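Every read-out reported here was derived from the displayed coordinates using simple, explicitly stated rules and does not represent laboratory data. Please read all numbers here as calculations on a predicted model, not as lab measurements. Positions of Cβ are backbone-derived with ideal geometry, glycine not excepted, and every protein chain shown enters the neighbour counts.
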Amino acid sequence: MSTFTTLTTAEAAVRAGDFTIIDVRTPGEYAGGHLPGAHNVPLDRVKEAADTLRAAADRGPLLVVCASGARSANGCAQLASLGIQAATLEGGTAAWQAAGHPLERPAGARSVWPMDRQVRLVAGSLVLLGFLVGLAWPPAHWLSGAIGAGLVFSGVTNTCGMAAVLGRLPYNRGAAGCPTFDETRRRIAA
């Protein structure tokens, strides 16, 4: 089984031209700004693209990125379980941009909130709703409890079912000018 390494923005910037860069955020997040030359392979489709990513890794190193580094570490772990060597960018695109490095954006693309912020908004709203409705109808408190349990499970397993569902919403899908998943696989293979 392969392992993965974590690179700082300084290390990645020096070697950026050596990597095939894979951005595992949703297409909407990717359209809002990504590392120059990055290819979008959403985290929930990494295993589906494994053959393409294996061929790319055979040609040279892979750098997997996301907004903060958490999803890219998860993507690297998935790749490692398939015997594919990859590195993750510590701090993700946020750290990259904070270090003064540029992000690419397709013309006309709108900015989408990072997935962790979307999850916090929805989870917090559901907990608040469960609490408020529970004041009039006590069984509604179970909604707050269920969301809390889901957040604990998410933290323990480093997965997020709510993020997977939110990632399928229209605003998190690709923007005009962004390549489709199949086009991305062809570009990586070229």
H39's amide H: which non-local residues (gap 5+, or another chain) put their own amide H closer than 5 Å, with H modeled 1.01 Å from N in plane and none for Pro or chain starts? I21, I22, D23
Can you tell me the 0 to 90 degree angle between the C-alpha axis of helix 50-59 and the longest principal axis of the chain, rounded to 10? 30 degrees
Given the peptides 31-41, 137-147, arrange them by the average over their residues of other C-beta atoms within 10 Å, most packed first. 31-41, 137-147
Would you work out the relative contact order for the range 89-190, in percent, from Cα pairs under 8 angstrom that are 6 or more residues apart? 29 percent
Using amide H atoms built 1.01 Å from N in the peptide plane, name the residues 5+ places from T6, or on other chains, whose amide H lies under 5 Å from its own. T88
Tell me, what HN-Hα J-couplings in whole Hz come from the Karplus equation 6.51 cos²θ - 1.76 cosθ + 1.60 at θ = phi - 60° for each residue of the range 83-90, using x for Gly and Pro? x, 10, 6, 8, 10, 10, 8, 4
Relative to the longest principal Cα axis of the chain, at what angle does helix 141-157 sit, 0 to 90 degrees, rounded to 10? 20 degrees
Rg in Å to one decimal, and Dmax rounded to a whole Å, for the chain via C-alpha atoms: 18.0, 62
Could you work out the mean projected area of the convex hull around the alpha carbons of the range 72-138, in square nanometres to one decimal? 8.4 nm²
